[in-house]
Amino acid sequence: MLEKAALDAGKATTKTAQDAADALGYMTLAGWDTQTSIKGLMPVLRLSEATGMDLGKTSDMVTDTMSALGLEVDKVGLNVNGLTGYLDLVTKAQSSSNTTAEQLMEAYLSVGGTMKSLNVPMEESAAILGLMANRGTKGSEAGNSLNSILVNLTSPAGKAKEALEKLGYSAFDSEGNFLGLEKSLLLLQDKLSGATDEQMQYFTSAIGGKTQLTALQQILDGLGNEYSELKNKILDNEGALDKTADTMNNTFAGALAILNSAVDDFKIKFIKELEPYI
């Protein structure tokens, strides 16, 4: 079944059957069973085509980030409908902000566990990470920064706790439920709206910490119209993966890759015919 899936993928994409087999290997290492790997193969191949990322790395990044976020290939989670829905969102975020799919997934490796535990919708996290990318903070740096900020907002200690108490801020409602990523950040922005420059420096430094001060300022600066527009673009992601992959393949290099994949398929069939005699 795996062999057939690899051969079929080699015929249908710019990737060779050997590339597809390698991708299946990474899925197996991630603990995916045969059926799950076969379901996930084509979307992962298409993401590699859409982004230009090496197929082995694409497979590895997809499986790792889905594990971090608690997503499953054929189930709904965090407002994303399975693997294709997740990759549509990642692809649309790439085309809507100054980040790549690879950088966004690197960020999710760092902040995914916190997103999962707080049940943050994917479009909200992708839009916030997009805002940060537009201001130069990307990849694992963005993920680590956002993770630290969320921890300070939801489980504050030391200076962060003192600053939030002075603001009268809580990231939870009266029943102890998390307000949500978007609402909690908008509430913080509102609480800081009347602050002087000196007060703003104190509060953002205390809440973000010295290492994440810039990241928190970037997020607060982008909240509002820019965030709303980016979030709406990312929400409109149906079919983004296939559309982008088709566009990337509609080039001379894409045509050569398809030809190479076809030649590879021919070589495999040729050797299989000769195999009994050899």
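The values are calculated or read from the model by the stated rules, or taken from the named source; none is laboratory data. Predicted model only: the values in this text are computed from it and were never measured. Cβ placement follows ideal geometry from the backbone for every residue including glycine, while neighbour counts extend to all protein chains displayed. Ligands, DNA and RNA are excluded from the accessible area calculation, which covers all protein heavy atoms including side chains. Shrake-Rupley method; radii C 1.70, N 1.55, O 1.52, S 1.80 Å.
The residue of the stretch 52-69 that is farthest from ASP246 (Cα to Cα), among those that are open to solvent by 40 Å² or more (accessible area, probe 1.4 Å) and free of Cβ contacts under 8 Å to residues at least 60 places away in the same chain, is SER67. The number of residues in the stretch 78-103 that are of a type outside the set (A, V, I, L, M, F, W, C) and part of a loop (DSSP other than H, G, I, E, B) comes to 5. The numbered conditions (1) modelled with pLDDT of 90 or more; (2) surrounded by fewer than 16 Cβ atoms within 10 Å (Cβ to Cβ); (3) among the hydroxyl-bearing types (Ser, Thr, Tyr) are all true for TYR277 except (1).
Residue-wise test of (1) within 25 Å of the chain's Cα centre (by Cα); (2) open to solvent by less than 70 Å² (accessible area, probe 1.4 Å); (3) not charged (D, E, K, R).
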site: GLY168; (1), (2), (3): no, yes, yes
site: LEU186; (1), (2), (3): yes, yes, yes
site: ASP197; (1), (2), (3): no, no, no
site: GLN201; (1), (2), (3): no, no, yes
site: LEU216; (1), (2), (3): yes, yes, yes
site: GLY222; (1), (2), (3): yes, yes, yes
site: ASP242; (1), (2), (3): yes, no, no
site: PHE270; (1), (2), (3): no, no, yes
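Results for (1) surrounded by 21 or more Cβ atoms within 10 Å (Cβ to Cβ); (2) more than 15 Å from GLY239 (Cβ to Cβ), shown as yes or no for each residue.
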position	(1), (2)
GLY82	no, no
VAL90	yes, no
ALA93	yes, no
SER96	yes, no
THR99	yes, yes
TYR108	yes, yes
GLY112	yes, yes
MET122	yes, yes
ILE128	yes, yes
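Somewhere in the stretch 32-50, is a residue at pLDDT below 90, open to solvent by less than 60 Å² (accessible area, probe 1.4 Å) and over 18 Å from ASP264 (Cα atoms)? No, the stretch 32-50 has no match at all.
When restricted to residues that are buried (at least 21 other Cβ atoms within 10 Å of the Cβ) and either more than 21 Å from SER110 (Cα to Cα) or without any contact (Cβ under 8 Å) to a residue 40 or more places away in the chain (or both), the stretch 149-159 contains 1. Residues in the stretch 200-242 that are among the charged types (D, E, K, R) and at pLDDT 90 or above: ASP221, GLU226, GLU229, LYS231, LYS233, ASP236, GLU238, ASP242.
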